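S.K.: Supplied in structure tokens, the structure appears directly below.
The values are calculated or read from the model by the stated rules, or taken from the named source; none is laboratory data. Predicted model, so just to flag it, every value in this text is computed and none were measured. Virtual Cβ from ideal backbone geometry, glycine too; neighbours counted across all protein chains shown.
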There are 4 protein chains.
Amino acid sequence: MPTKIRVTVWNEFYHEQHLDMVKEVYPEGIHRALANYLEKVEELEVSTATLYDPEHGLPDLVIEQTDVLIWWAHMKHEEVPDELTDKLYRRVIEGMGVIFLHSASGSKLFKRLMGTSGGGKWREAHERERLWVLKPGHPIVDGIGEYIELPNEEMYGDPSNIPEPDELIFMSWFEGGEVMRSGNVYTRGRGKIFYFRPGHEEYPTYYNKDVLKVIENAARWAAPSITPPTVTTGNVRSIEPIKGYIRDGMGNPIKQE
Amino acid sequence: MPTKIRVTVWNEFYHEQHLDMVKEVYPEGIHRALANYLEKVEELEVSTATLYDPEHGLPDLVIEQTDVLIWWAHMKHEEVPDELTDKLYRRVIEGMGVIFLHSASGSKLFKRLMGTSGGGKWREAHERERLWVLKPGHPIVDGIGEYIELPNEEMYGDPSNIPEPDELIFMSWFEGGEVMRSGNVYTRGRGKIFYFRPGHEEYPTYYNKDVLKVIENAARWAAPSITPPTVTTGNVRSIEPIKGYIRDGMGNPIKQE
Amino acid sequence: MPTKIRVTVWNEFYHEQHLDMVKEVYPEGIHRALANYLEKVEELEVSTATLYDPEHGLPDLVIEQTDVLIWWAHMKHEEVPDELTDKLYRRVIEGMGVIFLHSASGSKLFKRLMGTSGGGKWREAHERERLWVLKPGHPIVDGIGEYIELPNEEMYGDPSNIPEPDELIFMSWFEGGEVMRSGNVYTRGRGKIFYFRPGHEEYPTYYNKDVLKVIENAARWAAPSITPPTVTTGNVRSIEPIKGYIRDGMGNPIKQE
Amino acid sequence: MPTKIRVTVWNEFYHEQHLDMVKEVYPEGIHRALANYLEKVEELEVSTATLYDPEHGLPDLVIEQTDVLIWWAHMKHEEVPDELTDKLYRRVIEGMGVIFLHSASGSKLFKRLMGTSGGGKWREAHERERLWVLKPGHPIVDGIGEYIELPNEEMYGDPSNIPEPDELIFMSWFEGGEVMRSGNVYTRGRGKIFYFRPGHEEYPTYYNKDVLKVIENAARWAAPSITPPTVTTGNVRSIEPIKGYIRDGMGNPIKQE
């Protein structure tokens, strides 16, 4: 029997507690909206955590036992301690998958993994977003159509300061005239990373069945291998014999060792 | 008349002052070995800077007036102030090119740009390295042969914790049995980045005419565009008209705005 | 209950019938060596086909019912009819996965999918090949170590005339001094493609447990999605309203339509 | 004094001679509209050729003396002889750059180089196209803004059957609701390839100063290196000594050679 994929849905959980408009859409928080769906997926074992939980919901044991981390955040990136970011970063390098949602592109962990400074173009105008599939054979888009349509979303626009993805799965068309790379695959160390753009807190994006299906697919895709190759680091002995000799400043051999 | 490309060769300049073996190979420092060659290239205007210069050789005016930064460092990465790294980082995002040489893969700036933690496999065994060209049409390999052969080099081995390059120009074969991605192209914001692996301080690598030619080519390639597109950030107005309306928690329209 | 992945192992099956040295290594043919292993993998349903079977073992029904095609060929590429290549090509675009082994890089189907002319550097010198893992988190390398070592293989060397892979999984080190991109991932239409270099017919490469494990992993990875997005082609109506007007040769509007 | 880049602008030149609407926009043909602009660029030496010229304007000497080929075609792809396509293909592999414009994505040469079958989504509705820059530091977008806006264009829509580009420079937003990868960089052998989407024959797209600037930049970028690495093919001797021995079917050594 295959082991389940252990998913931890982490949410900043600030807006839902402080803004009526958001509370109305996500009364239990974005993390619960996501978990309610993901818990019904047989291969997944789902738990949730928020910024306001003890240890921000991510004590060492939880980090260790997470196969795929889902991250939503917007306003409180700076309240995530650097030490916690360090631990999460190391787990990604070792193989933990991460799905960054929407404004999580400004989180410490995303910026650390990507080498970006974040910051880009945005607009809140209740506009239409259409996410076109660019790689229709990719497991992340299994079960969805040629595009996902969201009647209201915040706009983020390219050119933006994110690195070239290893694979570009979705491209967004916005009613207001922009485009944005919206489903981006990256690898760091052994960790698989998926950035998925939509999800402004004022809209019911995380009840959209296509959006949920993509996150479900991405969780499965980002799960670490069962027995990944061990990666050796540090000073290593040679596998093949080496003749080894030193040359002088001009490249002339001076001794055999 | 085309403007010259302003190249700043930055060197840690520690080993050359403290280790006889290194001093013998690079009596004036690695930066001078590189500058002596690059100064003869007509399109380039070359200056040098080291960790031990005032403001580490990189006061604001120098940073501002550098088109391409070449970086060699090994032991003293931590002595580069975070504030300086921040400034350099921002200049890269805006368009300054960077060529990271050898152990500069452990520098703060490289790690910040790449999202890697550095650290990998290495060996100092005076072994042969052969850097094979993978993209023979790329401007970075103009004028060199199918491979560059170095009789003695330190080994770095893959799998290593660096992100997938946008373009992979060189792959190293090592006498001791390993391989390493050795000429790696990345883009961050508008900045073009080239990582070039060889250059252990004990060997005369930076007198090798092919190695120097690659660095020369890379300096030309990494130079910023003369009039690159301005990238807008922050809150922007729409280009196209937006119908804009809010929907309730279930996606039903509740008002027209 | 998940449907099994239907794998068809296609083999040229020429050398094994005409060269004693090869017959000794693969008495039943390379296809049977592969099938004997793959048949034991629970998720796979395996059949074989060869150039000398009626309709080359690939009548329309077999093509239609193949999820992943494995292709080994060397000397008789030209005996595969263009019409068959066309059919296979279209199936790949629609979603059939393909694993090309070794000299299958010279096959009509590979060249057609890649846009390469084939042809590269090679040597038969019974030399050691070491395939280093470059992406340790990728599902194709699940269960193997940091590298695969083959005591005797034919050499293929880069720079070679193959397109830049979407993902580079393995890089080969050869005893004779070359390197080669040896585990290459491509996408064409909805089809996932994996090129895996080793497998000269004179060596027992396809009994090596790591090589077999990689092929098993690749078969699972290359399987088409269960419900991939339908891709619309041809003349389509707009989703959004279009104001549409013609402008004259100088870009001035001349009428509203 | 640097040698000029020899650009050959090839045009099908059918519509301009048979359709009044097109003749009005490009009275001398699309090739002349492009050439009129490119001839003013100092580094370029420009000539033109069309399908209806003797030898289709591409006798061997012209092919040999072309550094960058620009290709526009739409209806008459099949009238380009296979033999000519073969010659052009080989020149690209050897290093000739190619810029494919608009419907040239259906040309024999493009399909051969890409491994695509062409065919995709399209619409002629005089709609607005906005090409957003995704890589603002790339030389191809030097001198243009954040986007190029074309008041009327034919739509092509993703997902389309083209391979993942090595670099994605432009993404198109269409008024009718679609997106399309519109400025795509590929490498085949030593040849640099740029696909640039806009240019329906009924619109004055090739008088747009941004479109022309991109084509000018691309011509400079696609020019072959002056002294590119020679690529060895065929049977080669080893660089390093090989111990070489044969193993039996089970991998046991049986003799030293």
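S.K.: Of all residues in region C:36-91, how many are basic (Lys, Arg) and over 24 Å from C:Met114 (Cα atoms)?
M.R.: Here the count works out to 1.
S.K.: Restrict the check to region A:95-108 and report whether at least one residue is among the charged types (D, E, K, R) and within 17 Å of A:Val9 (Cα to Cα).
M.R.: Scanning region A:95-108, I find at least one residue that is among the charged types (D, E, K, R) and within 17 Å of A:Val9 (Cα to Cα), so the answer is yes.
S.K.: Something else now. Please go through (1) out of contact with any helix residue (DSSP H, G or I) (no Cβ under 8 Å at 6 or more places or on another chain); (2) within 20 Å of B:Pro198 (Cβ to Cβ); (3) small (Gly, Ala, Ser) for B:Gly57 and return the number of the only condition it doesn't satisfy.
M.R.: That leaves (2) as the condition not met.
S.K.: What number goes with the only condition from (1) modelled with pLDDT of 95 or more; (2) within 27 Å of B:Lys121 (Cα to Cα); (3) buried (at least 24 other Cβ atoms within 10 Å of the Cβ) that C:Val98 does not pass?
M.R.: Just one mismatch for C:Val98, condition (2).
S.K.: Say whether the condition of being within 11 Å of chain D (Cβ to nearest Cβ) and on the phi > 0 side of the Ramachandran plot is met by at least one residue in region C:187-198.
M.R.: Yes, because at least one residue in region C:187-198 is within 11 Å of chain D (Cβ to nearest Cβ) and on the phi > 0 side of the Ramachandran plot.
S.K.: Can you confirm whether region B:61-81 contains a residue that is at positive phi, of a type outside the set (Asp, Glu) and within 18 Å of the chain's Cα centre (by Cα)?
M.R.: no
S.K.: When only residues in region A:122-158 that are in contact with a helix residue (DSSP H, G or I) (Cβ under 8 Å, 6 or more places away or on another chain) and of a type in the set (Gly, Ala, Ser) count, which is nearest to D:Glu175 (Cα to Cα)?
M.R.: A:Gly145
S.K.: Considering only residues that are over 18 Å from D:Arg220 (Cα atoms), among the charged types (D, E, K, R) and surrounded by fewer than 24 Cβ atoms within 10 Å (Cβ to Cβ), which ones fall in region D:125-143?
M.R.: Listed by number, the residues that qualify are D:Arg128, D:Arg130.
S.K.: Find the residue count for region C:138-193, including only residues that are part of a strand (DSSP E or B) and closer than 30 Å to C:Thr230 by Cα.
M.R.: Summing the residues that are part of a strand (DSSP E or B) and closer than 30 Å to C:Thr230 by Cα in region C:138-193 gives 12.
S.K.: C:Gly118 is checked against (1) within 14 Å of chain A (Cβ to nearest Cβ); (2) part of a loop (DSSP other than H, G, I, E, B) and fails just one. What number does that condition carry?
M.R.: (1)
S.K.: Hey, among C:Val92, C:Val22, which residue is surrounded by fewer than 20 Cβ atoms within 10 Å (Cβ to Cβ) and aliphatic (A, V, I, L, M)?
M.R.: Going through C:Val92, C:Val22 in turn, the sole match is C:Val22.
S.K.: Right, here's the next one. As an exercise: evaluate B:Asn208 against (1) at the interface with another protein chain (Cβ under 7 Å from one of its Cβ atoms); (2) within 26 Å of B:Arg123 (Cα to Cα) and give the number of the one condition it does not meet.
M.R.: Every listed condition holds for B:Asn208 apart from (1).
Conditions (1) among the hydrophobic types (A, V, I, L, M, F, W, C); (2) under 19 Å from the mean Cα position of the chain (by Cα), marked per residue:
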{"position": "C:Glu127", "(1), (2)": "no, no"}
{"position": "C:Leu131", "(1), (2)": "yes, yes"}
{"position": "C:Asp142", "(1), (2)": "no, yes"}
{"position": "C:Asn152", "(1), (2)": "no, no"}
{"position": "C:Pro165", "(1), (2)": "no, yes"}
{"position": "C:Ile169", "(1), (2)": "yes, yes"}
{"position": "C:Glu175", "(1), (2)": "no, no"}
{"position": "C:Glu178", "(1), (2)": "no, no"}
{"position": "C:Tyr186", "(1), (2)": "no, yes"}
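S.K.: Now a separate question. Kindly check whether there is at least one residue in region D:48-64 that is at pLDDT 95 or above, within 18 Å of D:Gly191 (Cα to Cα) and among the polar types (S, T, N, Q).
M.R.: Scanning region D:48-64, I find no residue that is at pLDDT 95 or above, within 18 Å of D:Gly191 (Cα to Cα) and among the polar types (S, T, N, Q), so the answer is no.
S.K.: Let me ask you something else. Can B:Glu216 be described as surrounded by 20 or more Cβ atoms within 10 Å (Cβ to Cβ), at pLDDT 95 or above, more than 20 Å from the chain's Cα centre (by Cα) and charged (D, E, K, R)?
M.R.: For B:Glu216, the condition - surrounded by 20 or more Cβ atoms within 10 Å (Cβ to Cβ), at pLDDT 95 or above, more than 20 Å from the chain's Cα centre (by Cα) and charged (D, E, K, R) - is not met.
S.K.: Of all residues in region C:194-240, which are of a type outside the set (Asp, Glu), in contact (Cβ under 8 Å) with a residue 60 or more places away in the chain, farther than 15 Å from C:Trp72 by Cβ and in contact with a Phe, Trp or Tyr (Cβ under 8 Å, 6 or more places away or on another chain)?
M.R.: C:Trp221, C:Ala222
This table checks each residue for (1) more than 11 Å from chain D (Cβ to nearest Cβ); (2) crowded, with 24+ Cβ neighbours inside 10 Å.
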{"position": "C:Ser160", "(1), (2)": "no, no"}
{"position": "C:Glu167", "(1), (2)": "no, no"}
{"position": "C:Met171", "(1), (2)": "yes, yes"}
{"position": "C:Arg181", "(1), (2)": "yes, no"}
{"position": "C:Val185", "(1), (2)": "no, no"}
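S.K.: Name every residue in region A:123-137 that is under 30 Å from C:Val185 (Cα atoms) and more than 8 Å from every other protein chain (Cβ to nearest Cβ), in order of residue number.
M.R.: Scanning region A:123-137 gives a single hit, A:Leu131.
S.K.: A further question on this structure: Could you please give the count of residues in region B:89-107 that are free of Cβ contacts under 8 Å to residues at least 40 places away in the same chain and within 12 Å of another protein chain (Cβ to nearest Cβ)?
M.R.: 2
S.K.: Next up: Count, please, the residues in region A:125-140 that happen to be closer than 20 Å to A:Ile193 by Cβ and in contact with a Leu (Cβ under 9 Å, 6 or more places away or on another chain).
M.R.: Summing the residues that are closer than 20 Å to A:Ile193 by Cβ and in contact with a Leu (Cβ under 9 Å, 6 or more places away or on another chain) in region A:125-140 gives 3.
S.K.: Follow-up. Please work out if D:Leu69 is assigned to a helix (DSSP H, G or I), among the hydrophobic types (A, V, I, L, M, F, W, C) and surrounded by 20 or more Cβ atoms within 10 Å (Cβ to Cβ).
M.R.: no
S.K.: Could you grab me the full set of residues in region C:194-213 that are part of a helix (DSSP H, G or I) and buried (at least 21 other Cβ atoms within 10 Å of the Cβ)?
M.R.: Result: C:Thr205, C:Tyr206, C:Val211.
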